[in-house]
Amino acid sequence: MAKKKYKRKSGRGKRKVSLQGLIIIALIIGCVKLCQGLSADNGNDGSHVTDRDASGEYGDLMAVKTNPALAAVEKKYKGMDLSFNPRCHIPNWVSWELTADETYGDVTRTNKFSCDEDVEGCAETWDYNYSGYDRGHMAPAGDMKWDKKAMDETFLMTNICPQVKSLNTGSWKRLEEKCRQWAQSEGRLYIVCGPIIEGEPIEYIGDSRVYVPKRFFKVILSPYSNPAAGIGFIMPNGNVDGGMQKCAVPIDSVEAVTGHDFFSSLPDDVERELESQCNFHYWSTLKKKKN
């Protein structure tokens, strides 16, 4: 009798432990998923997440399909992706994501330009010496204040093009500043910019014979704002008559002159709508949102 009583008690104990165990496991799984969700939403642990769209709704919006006629070596850095042209010794394009939080970083710039020895055809810093051209950032240092490594990598020559000073310190710089303001208003932007490599350059500079482009482009996408919006810009490598507004074009127009395909992970109908827009007034009226 004692043995049978023990067995019955043991059986009830096992069932009780099993039920408690299932409850504990369920609670653990729930907590893990909650933490993962919070981490994906915040994305501010000091690292740059490659796919910052936690929902995966639009995929990799930093990806660009490079004009197949151009020489191209692609590379990912901490804060930007790019396609480098080893024949022209400048990037074909540079893409990055800019969030509102990232614009408030406190990393200071060093102005230490350097060659990326791992990239074929990368120009040397001295190729620009006495050329009359600035070392013009494509992804601006000011967009990478959230991380020192990301900031330092913007000074690699893979991210640099020869720019006339009046462009680099004029309309190009003002557009960079506007993008930071727009990111603070809209929360998140995807930006791609670079030279327009077509035909003969203005000239070649340095021992590497760096291609000096006649024009530059920038495309900007705000896919999660209400309404979603996109716009492009094409600027001459020099004085910009009429400023940013005169240079505003649909993203479709930038694709036509560069041969690149931007934001192809968007659904076709969304891509067609956003890439056909050129509402400069909408962008010019965006203001930084109050905290």
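Name the residue that is modelled with the lowest pLDDT, counting only residues in the range 234-259 that are under 20 Å from SER284 (Cα atoms) and β-branched (Val, Ile, Thr). So, considering only residues that are under 20 Å from SER284 (Cα atoms) and β-branched (Val, Ile, Thr), the one modelled with the lowest pLDDT is VAL240.
Does GLN184 satisfy the criteria of being open to solvent by 10 Å² or more (accessible area, probe 1.4 Å) and in contact with a helix residue (DSSP H, G or I) (Cβ under 9 Å, 6 or more places away or on another chain)? Taking the combined requirement at face value, the residue satisfies it. Of the helices (runs of 4 or more DSSP H) lying entirely inside the range 173-291, those containing at least 1 residues that are among the aliphatic types (A, V, I, L, M) and within 20 Å of the chain's Cα centre (by Cα) span 251-258, 268-275. When you look at GLY194, is it open to solvent by less than 10 Å² (accessible area, probe 1.4 Å) and either in contact with a strand residue (DSSP E or B) (Cβ under 6 Å, 6 or more places away or on another chain) or of a type outside the set (D, E, K, R) (or both), yes or no? The answer is yes for GLY194.
Within the set GLU102, GLU57, the sole residue that is in contact with a Phe, Trp or Tyr (Cβ under 6 Å, 6 or more places away or on another chain), farther than 30 Å from TYR204 by Cα and modelled with pLDDT of 50 or more turns out to be GLU102. Residues in the range 219-256 that are farther than 17 Å from VAL270 by Cα, buried (at least 23 other Cβ atoms within 10 Å of the Cβ) and of a type outside the set (A, V, I, L, M, F, W, C): ASN237 alone.
For the range 151-167, a residue qualifies if it is open to solvent by less than 10 Å² (accessible area, probe 1.4 Å) and part of a strand (DSSP E or B), and the qualifying residues are ILE160, CYS161, PRO162, GLN163.
So which pairs qualify, if the first residue must be in the range 161-190 and touching a residue at least 40 places away in the same chain (Cβ under 8 Å), the second must be polar (S, T, N, Q) and open to solvent by 30 Å² or more (accessible area, probe 1.4 Å), the Cβ gap must be under 6 Å, and the two must be at least 6 apart or on different chains? As it stands, the answer is SER166/ASN239, since those pairs meet every condition given. The residue that is nearest to ILE234 (Cα to Cα), among those in the range 90-130 that are open to solvent by less than 90 Å² (accessible area, probe 1.4 Å), outside any loop (DSSP other than H, G, I, E, B) and among the hydrophobic types (A, V, I, L, M, F, W, C), is TRP93.
The values are calculated or read from the model by the stated rules, or taken from the named source; none is laboratory data. In this text the structure is predicted, and so the values were computed from the model without any measurement. Backbone-built Cβ (ideal geometry, glycine too); neighbour counts: all protein chains shown. The protein model used for the area step is the full one, side chains on, heavy atoms only, and it has no ligands, DNA or RNA in it. Shrake-Rupley method; radii C 1.70, N 1.55, O 1.52, S 1.80 Å.
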